[in-house]
Structures are given as C-alpha cells and as structure tokens.
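Student: For reference, the structure I am asking about is given below.
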Amino acid sequence: MTDEIPAASDSRPNDIPPIEALRLMMEGNARYVAGTTTPINLSAERAAAVTTHAPIATILGCADARVASELIFDQGPGDLFMVRVAGNFLSDYGLASIEYAVEFLDVPLILVLGHTMCGAVTSAVRVVEEGIALPGRLPVLIDAIEPAVHSARLSNPDDLLNAAIEENVRRQMKRLSMISPVINEAVAAGKVMIAGGIYDIATGEVRLI
C-alpha cells in the first residue's frame, strides 16, 4: 500500500494462501500498534482506481465506531470486505454476504473480530445477570449473543464480560464452519481460513484466538 495510484493489472492481490493473508493482516496490526502505519491515499481518485475487487480478507466485525478494521490492520481501499453488526454475530444477511465474498471475490481469509468493552455483549450480560428488558428490536440482537454469555458464566464467571466476548467470537467461528456449504467447501479445499481475534481498544492490539 502506497500513496501511488495503482496501474491496471490482471493480477489479483488476494491470490495468496490463507495463512499469508492472515500474516499480512497481523503485520498491519503490528504497524498500527507501533504507530508506523503506511501512508495511504484515501482520495476518491485513489479508491476509484482500485478496479479489481479482490480483498484479502472478509471481516465479521462489530458496528462499534471505535473498531475501524481498515485502520486496525493498516489496509487501504479494496483490501477488506466488511460485514458489521453490533456484537459481531452471524446473521442470515451477514452469512450471505460472506458467502458472496468467498464465492465471487475469492477472499482467502474470514476473520471474526470481537473487541474489548463491547456494548452489545455488555447488554447481553446485563440481560442474563440482571434480567433487564430492552425496547424495540434489541432483544433480537441480545438473543444472538446470549448463548455466549451462558457459556462464559460456566467457564469464567469472575471475568464474565471478557469471557463472553471471546466465547461469542468462538461461537461465530463455529457457526461459519458448520452452516454454510459454500464456506465449508472452500475451507476443505484449502482456499479459505476461518480465524478469530479480539481487538483491545486500550492498546490497539489484535489477539488471535
């Protein structure tokens, strides 16, 4: 990634092994933590010049405004295919979007990215622990996250929020690996890897799980 506008090319930047895509992502995060991110031209002209839609990763991430994956992983326009919803859980629409990225964009990496201090998971913990009632469609959101809270209560009740955040990531990874023939076939063929991580808002570091 540079400030230069890329020349037209038939090569696809995501024609790489899944483990290489993960390495590139984690190297980008290391630069972000160190404050040595690559200068990136974010102009409309630069984005329009990326004519080949070939992201190196699909990220199932949280809608939290503090969690901007392009910054966290030091990636530029066209590098990441984002699916974001509060609590980074896998909905039907999210699954269809990820399947699209795998089937038509040849994305080699699917990363489920949770984060510390997640408000959606915090709300789910409060529903379980305190029995609070939420208005509108919010119970639909909580219903998707609540199983992770129950699992975390059994495994690590003393650090329930962080345990639930991690368990939620693990549950979404498991669902991705089980319920989609499109993704299953790509994983079995070695074309796609499913990974999970927790972004620490305090430090900027992503910890793989």
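The values are calculated or read from the model by the stated rules, or taken from the named source; none is laboratory data. Note that this is a predicted model, so its numbers are computed, not measured. Heads up, the Cβs are rebuilt from the backbone with ideal geometry, glycines too, and the neighbour counts pull from every protein chain shown. Heads up: the accessible areas ignore ligands, DNA and RNA and are worked out on the full protein's heavy atoms, side chains in. Shrake-Rupley method; radii C 1.70, N 1.55, O 1.52, S 1.80 Å.
Student: Would you confirm whether any residue within region 179-188 is open to solvent by 50 Å² or more (accessible area, probe 1.4 Å), more than 24 Å from residue 70 (Cβ to Cβ), touching a Gly at 6+ places or on another chain (Cβ under 8 Å) and not β-branched (Val, Ile, Thr)?
Tutor: no
Student: OK, next. Can you tell me which residues in region 79-121 are among the polar types (S, T, N, Q) and in a helix (DSSP H, G or I)? Lay out the reasoning, then the answer.
Tutor: Keep residues of region 79-121 that are among the polar types (S, T, N, Q), which gives 88, 91, 97, 116.
Within region 79-121, just 97 meets the criteria.
Student: So, one more: Considering only residues that are assigned to a loop (DSSP other than H, G, I, E, B) and under 13 Å from the mean Cα position of the chain (by Cα), look in region 56-78 and name the one that is farthest from residue 165 (Cα to Cα).
Tutor: 56
Student: Can you tell me which residues in region 36-63 are farther than 24 Å from residue 12 by Cα and either without any contact (Cβ under 8 Å) to a residue 24 or more places away in the chain or open to solvent by 30 Å² or more (accessible area, probe 1.4 Å) (or both)?
Tutor: The answer is 36, 63.
Student: Moving to a separate point now. List the number of the failed condition for residue 134; all other conditions in (1) over 30 Å from residue 31 (Cβ atoms); (2) open to solvent by 10 Å² or more (accessible area, probe 1.4 Å); (3) in a helix (DSSP H, G or I); (4) touching a helix residue (DSSP H, G or I) at 6+ places or on another chain (Cβ under 8 Å) hold.
Tutor: Residue 134 satisfies all of (1) over 30 Å from residue 31 (Cβ atoms); (2) open to solvent by 10 Å² or more (accessible area, probe 1.4 Å); (3) in a helix (DSSP H, G or I); (4) touching a helix residue (DSSP H, G or I) at 6+ places or on another chain (Cβ under 8 Å) except (3).
Student: Among 185, 167, which is in a helix (DSSP H, G or I), within 17 Å of the chain's Cα centre (by Cα) and acidic (Asp, Glu)? So that I can check it myself, show each step before the final result.
Tutor: Details: 185 fails: within 17 Å of the chain's Cα centre (by Cα).
Criteria check complete, one pass: 167.
Student: Going by what's in this entry, would residue 169 be described as of a type in the set (Val, Ile, Thr), modelled with pLDDT of 95 or more and either more than 14 Å from residue 62 (Cα to Cα) or open to solvent by 40 Å² or more (accessible area, probe 1.4 Å) (or both)? Step through it out loud before you land on a result.
Tutor: On the way: of a type in the set (Val, Ile, Thr): yes; modelled with pLDDT of 95 or more: yes; either more than 14 Å from residue 62 (Cα to Cα) or open to solvent by 40 Å² or more (accessible area, probe 1.4 Å) (or both): no.
It is false that residue 169 is of a type in the set (Val, Ile, Thr), modelled with pLDDT of 95 or more and either more than 14 Å from residue 62 (Cα to Cα) or open to solvent by 40 Å² or more (accessible area, probe 1.4 Å) (or both).
Student: Same structure, new question: All but one of (1) part of a helix (DSSP H, G or I); (2) of a type outside the set (Lys, Arg); (3) open to solvent by less than 70 Å² (accessible area, probe 1.4 Å) hold for residue 129; which doesn't?
Tutor: (3)
Student: Which of (1) part of a loop (DSSP other than H, G, I, E, B); (2) open to solvent by less than 60 Å² (accessible area, probe 1.4 Å); (3) not aromatic (Phe, Trp, Tyr) does residue 124 not meet, given it meets every other one?
Tutor: Failed condition: (1).
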